[in-house]
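A.B. asks: Here you go, one structure.
The values are calculated or read from the model by the stated rules, or taken from the named source; none is laboratory data. Quick caveat: nothing in here was measured; it's all calculated off a predicted structure. Cβ placement follows ideal geometry from the backbone for every residue including glycine, while neighbour counts extend to all protein chains displayed.
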Amino acid sequence: MSILDGSAAPGTLRAPFRYFAGSRIIERQVDLALAAGCEKIACLVDGVGREVVAAQERAESAGARFIALQEARPLSGLVSASDELLVIGAGVLPSDDIVLRHAARPSVLVFPAADAVPKGFERIDPEFAWSGVMLAHGAIVERLSELPPDADVISCLLRIALQSGVRIQPLEKRLLDEGLWHFNPTEAELADRAEHWIHSHAAAAAFTAPGLAVSERIGTKLAKDLLGGRGARIPAIAAGLAGVVALTLGILEFPVAALGFAALMAVFGAAGETVERISNAGRFGVHRSALAKAVDWLTDPILAILVALASPEDTQWLRLFVPAILFGLLRLGERWGAPRWQNTYRDRVALALLIVPAAFLGVAQPVVAVIALVVLVSLFLAPSRGQ
């Protein structure tokens, strides 16, 4: 790959450094290379700035080796003839799914020239233009030594691959028409594509789980502003703080307010999970943060404790037993229930809001027991996953 953008006007941001969905284009290219199984990533640079360092850290955090090169000569020592070479042009933002689908064997991915050339893609013959991505045999690197030092390395690799008989793989022009594949995209084009990209990875729950559906749609809205920075952790932090406040109010014998903050914890937790899922989409080897996992696993125990604190003291061990049974059944429903209703079993926002008025009336325990019975019956009546 390369950050050398000869088309950039002086004083403007190079295309590889422009942001898409919270990450620079060069970082998205690193993600694609990692997803394709690349163990070494060579990047042609004219200097090592913070953008290149960030790309290097992204690659190395996933276990790959990143090498910044100011000339092509060292490539021959990095790539052997038995290797496969994935080449991604500077400023190219492809469709990852399409690239990975065609990465099984060497090929030059191309678009119809009539559609691609006006968008800045390089014409390779009267019929086709290069998409900016190809997979070739490592042996083509040796022929770079025959070229002058100031040659365009990426373009030369393309020509050598074509001369070596690497097959041409045409792509659908709809990828260009629908804004799913770009070369040197403008900020406006990136914003439009990011909007589509965020919604495609949001996967918000249906309204059979109303609290979860609303919370995840809030997370989708927040993702537009929080991606690419530490702000992506804000919902999870807010969820943790709401949980602490809920427990404190429960201990101080304010059950209604405590359950209200528990509902807020569930809202922020679901919204934060959505933001994190969108933020991590397309990244190789990235997992949920420890804070998000803690919020997820502590929500049920906190709700169970609050129900126990809102129940009469003379019910003794039943105070905790009844909510424990409810949450155990809900967890079973999430894993083994009918697919259509799994998010309903997972909806802690709606559950907390149902318990709030019950706590106000002093009947939290009987209401939780009734909900547990309804969940139990539903698990028997609805077909489970796999049936």
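A.B. asks: Which condition does residue 235 not pass, out of (1) assigned to a loop (DSSP other than H, G, I, E, B); (2) closer than 28 Å to residue 264 by Cβ; (3) not aliphatic (A, V, I, L, M), if it passes all the others?
C.D. replies: Tallying (1) assigned to a loop (DSSP other than H, G, I, E, B); (2) closer than 28 Å to residue 264 by Cβ; (3) not aliphatic (A, V, I, L, M), residue 235 fails exactly one: (1).
A.B. asks: Give the residues of region 148-169 that are of a type in the set (D, E, K, R) and assigned to a loop (DSSP other than H, G, I, E, B), sorted by residue number.
C.D. replies: Filtering region 148-169 for residues of a type in the set (D, E, K, R) gives 150, 152, 159, 167.
Passing the criteria: 150, 152, 167.
A.B. asks: (1) loosely packed, with under 13 Cβ neighbours inside 10 Å; (2) of a type outside the set (A, V, I, L, M); (3) within 19 Å of the chain's Cα centre (by Cα): which one isn't true of residue 105, the others all being true?
C.D. replies: (3)
A.B. asks: Being surrounded by 14 or more Cβ atoms within 10 Å (Cβ to Cβ), closer than 23 Å to residue 190 by Cα and modelled with pLDDT under 95 narrows it down to one residue among 129, 90; which is it?
C.D. replies: Values: 129 fails: modelled with pLDDT under 95.
Exactly one of 129, 90 is surrounded by 14 or more Cβ atoms within 10 Å (Cβ to Cβ), closer than 23 Å to residue 190 by Cα and modelled with pLDDT under 95, namely 90.
A.B. asks: Of 64, 72, 59, which residue is among the small types (Gly, Ala, Ser), touching a residue at least 60 places away in the same chain (Cβ under 8 Å) and touching a helix residue (DSSP H, G or I) at 6+ places or on another chain (Cβ under 9 Å)?
C.D. replies: Of the residues listed, the single one that is among the small types (Gly, Ala, Ser), touching a residue at least 60 places away in the same chain (Cβ under 8 Å) and touching a helix residue (DSSP H, G or I) at 6+ places or on another chain (Cβ under 9 Å) is 72.
A.B. asks: Residue check: is residue 275 touching a residue at least 24 places away in the same chain (Cβ under 8 Å), closer than 30 Å to residue 96 by Cβ and buried (at least 16 other Cβ atoms within 10 Å of the Cβ)?
C.D. replies: Working: touching a residue at least 24 places away in the same chain (Cβ under 8 Å): yes; closer than 30 Å to residue 96 by Cβ: yes; buried (at least 16 other Cβ atoms within 10 Å of the Cβ): yes.
Yes; evaluated as a whole, the condition is true for this residue.
A.B. asks: For region 262-304: of the residues being outside any helix (DSSP H, G or I) and not hydroxyl-bearing (Ser, Thr, Tyr), which is modelled with the lowest pLDDT?
C.D. replies: First, pick out the residues of region 262-304 that are outside any helix (DSSP H, G or I): 281-289.
Now narrow it down to the ones that are not hydroxyl-bearing (Ser, Thr, Tyr): 281-288.
On the way: 281: 82, 282: 78, 283: 79, 284: 74, 285: 70, 286: 76, 287: 77, 288: 81.
My answer is 285.
A.B. asks: Here is a follow-up. Can you find a residue in region 245-259 that is assigned by TED's automatic domain parsing to the domain that holds residue 296, assigned to a helix (DSSP H, G or I), farther than 21 Å from residue 368 by Cα and at pLDDT 95 or above?
C.D. replies: Yes, that holds for at least one residue.
A.B. asks: Residues in region 170-209 that are crowded, with 16+ Cβ neighbours inside 10 Å and assigned to a helix (DSSP H, G or I): how many?
C.D. replies: 10
A.B. asks: Tell me whether region 283-303 contains one or more residues that are surrounded by fewer than 23 Cβ atoms within 10 Å (Cβ to Cβ), farther than 28 Å from residue 58 by Cβ and in contact with a Ser or Thr (Cβ under 7 Å, 6 or more places away or on another chain).
C.D. replies: no
A.B. asks: Restricting to region 330-362, name every residue that is surrounded by fewer than 17 Cβ atoms within 10 Å (Cβ to Cβ) and more than 35 Å from the chain's Cα centre (by Cα).
C.D. replies: The answer is 357, 360, 361, 362.
A.B. asks: So, residue 57, is that one modelled with pLDDT under 95, in contact with a strand residue (DSSP E or B) (Cβ under 7 Å, 6 or more places away or on another chain) and not polar (S, T, N, Q) or not?
C.D. replies: So residue 57 fails the test.
A.B. asks: Is there any pair linking a residue in region 309-335 that is assigned to a helix (DSSP H, G or I) to one that is among the basic types (Lys, Arg), with Cβ under 6 Å and at least six apart or on different chains, and which?
C.D. replies: Matching pairs, first to second residue: 334/346.
A.B. asks: Take residue 118 and tell me if it is in the same structural domain as residue 175 (by TED's automatic domain parsing) and under 15 Å from residue 172 (Cβ atoms).
C.D. replies: So residue 118 fails the test.
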